[in-house]
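A.B. asks: Take a look at the following structure, please.
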Amino acid sequence: MRQARQMITWSDDAILLTARPHGETSVIVEVFTPVHGRHAGVVRGGVSRKMSPHLQPGAQVAVAWSARLESHLGSFKLEPVRSRAAIAMSDRLALAGLNGVTALLAHVLPEREAHAPLYDRTLGLLDLLGQEELWPLAYLRWEQALLEEMGYGLDLSACAVRGVNEDLAFVSPKSGRAVSREAAGAWADRLLPLPPVLAGQGEASHTEILRALGTTGWFIENRLIKALGDRPIPVARARLLDAIARHAKG
């Protein structure tokens, strides 16, 4: 008599990133976990009235994954921990923020690779949804942390050319390092802006935050995403920047 192969299983906390229908009654979800990274699996009965409200981007869940082989898609059993749908539906900036964060993570995270510090940072960011005065700056810091975690962190501590830490005004698109105004000289138009808020200084107005997000966005699109292949940056990020701009105008 043939012995049944033992299932491979694990359990973890997770942030739900995406959900799409699979067959008539199931849903394939992608989650971000601290130990198992970005991971996909099937949720049986996911389209039911009981389960579907919990399968929304940004939801905090406890998952148990199982499969016969590590390489298989496998299936999830999922328990809701915290839903963020209500606050997202009642606040335009929160909705744009939730969609922007989950879309970027689903787009750039390597499959099944742990990034626990980024997971913790993401939970902290999502917990600030609805706090409109705090959220844009927290999001900027999150994008900087995302670049750092993915190996494209910005070094804004001193000028890459002269080593000084005064009058830093630009970021080199090649190295990701700061450049002083004097050192930039005639090359200034080929460099990216370094708003003081990006280096943790100066005014953290929405206008300055948007300027800083222009610089982090350049590295996300032209370094991080291009390294993953020929695909565009998620449109959800542009919608988020539009929402921040609208909020700045009141």
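Taken together, the values in this text are just the output of simple stated rules run on the coordinates, not laboratory data. Everything numeric here is computed off the predicted structure, so don't read it as measured data. Because the Cβ atoms are built from the backbone with ideal geometry, glycine has one as well, and the counts that use them run over all protein chains shown.
A.B. asks: For segment 1-153, count the residues as N, evaluate 2.2 N^0.38 Å, and divide the Cα radius of gyration by that value, please.
C.D. replies: Cα Rg divided by the expected 2.2 N^0.38 Å: 1.09.
A.B. asks: GluC sites (Glu not before Pro), restricted to segment 1-90: which are DSSP loop and have at most 13 other Cβ atoms within 10 Å?
C.D. replies: Of the GluC sites (Glu not before Pro), the ones in loops of segment 1-90 whose Cβ has at most 13 other Cβ atoms within 10 Å are GLU24, GLU70.
A.B. asks: Per residue of the chain, what 222 nm ellipticity follows from adding -39500 (n - 2.57) for every DSSP H run with n ≥ 4, rounded to the nearest 500?
C.D. replies: Calculated at 222 nm, the ellipticity per residue is -10000 deg cm²/dmol.
A.B. asks: Output the 0 to 90 degree angle, nearest 10, between the alpha-carbon long axis of helix 92-108 and the longest principal axis computed from the alpha carbons of the chain.
C.D. replies: Tilt of helix 92-108: around 80 degrees.
A.B. asks: Here is a further query. Note the per residue figure in Å³ for the convex hull of the C-alpha positions in segment 102-186.
C.D. replies: Details: hull volume 11.2 nm³, N = 85.
Measuring per residue, one finds 132 Å³ for the Cα hull of segment 102-186.
A.B. asks: List the extent of the Cα atoms of segment 8-83 along each of their three principal axes, largest first, rounded to whole Å.
C.D. replies: Largest to smallest, the principal-axis extents are 30, 26, 16 Å.
A.B. asks: Here's something else I'd like to know. Rank the residues ARG44, ARG121 as a footprinting-exposure proxy: fewest other Cβ atoms within 10 Å of their Cβ go first.
C.D. replies: By the 10 Å Cβ count, ascending, the order reads ARG44, ARG121.
A.B. asks: Let me ask something else about it. Please report how far the C-alpha centroid of segment 1-77 lies from that of segment 205-250, rounded to the nearest whole angstrom.
C.D. replies: So the separation of the two Cα centres works out to 30 Å.
A.B. asks: Tell me the GluC sites (Glu not before Pro) within segment 196-229 that lie in a loop according to DSSP and have at most 14 other beta-carbon atoms within 10 Å.
C.D. replies: Counting only loop positions with at most 14 other Cβ atoms within 10 Å, the GluC sites (Glu not before Pro) in segment 196-229 are GLU203.
A.B. asks: Binning at 10 angstrom from zero up to the longest distance, how are the C-alpha pair distances of segment 190-250 distributed in percent?
C.D. replies: Binned Cα distances yield the sequence 21, 44, 30, 5.
A.B. asks: Something else now. Using only Cα atoms, find the angle between the long axis of helix 206-219 and the longest principal axis of the chain, and express it within 0 to 90 degrees, rounded to the nearest 10.
C.D. replies: Roughly 70 degrees, rounded to the nearest 10.
A.B. asks: Go through segment 127-192 and name the GluC sites (Glu not before Pro) that are in a DSSP coil and have 10 or fewer other Cβ atoms within 10 Å of their Cβ.
C.D. replies: Filter output for segment 127-192: GLU133, GLU166.
A.B. asks: Also: Please report, in Å, the Rg and the Dmax of segment 83-241, where both are computed over Cα atoms only.
C.D. replies: In Å, with Rg to one decimal and Dmax whole: 16.1, 51.
A.B. asks: About its Cα centre, what dipole magnitude does segment 157-223 give when the only charges are +1 on Lys and Arg Cβ and -1 on Asp and Glu Cβ, stated in debye to the nearest 20?
C.D. replies: Computed charge dipole of segment 157-223: roughly 280 debye.
A.B. asks: What percentages, rounded to whole numbers, describe P(r) for segment 159-202 computed over all alpha carbon pairs with 5 Å bin width beginning at zero?
C.D. replies: 6, 27, 37, 23, 7, 0
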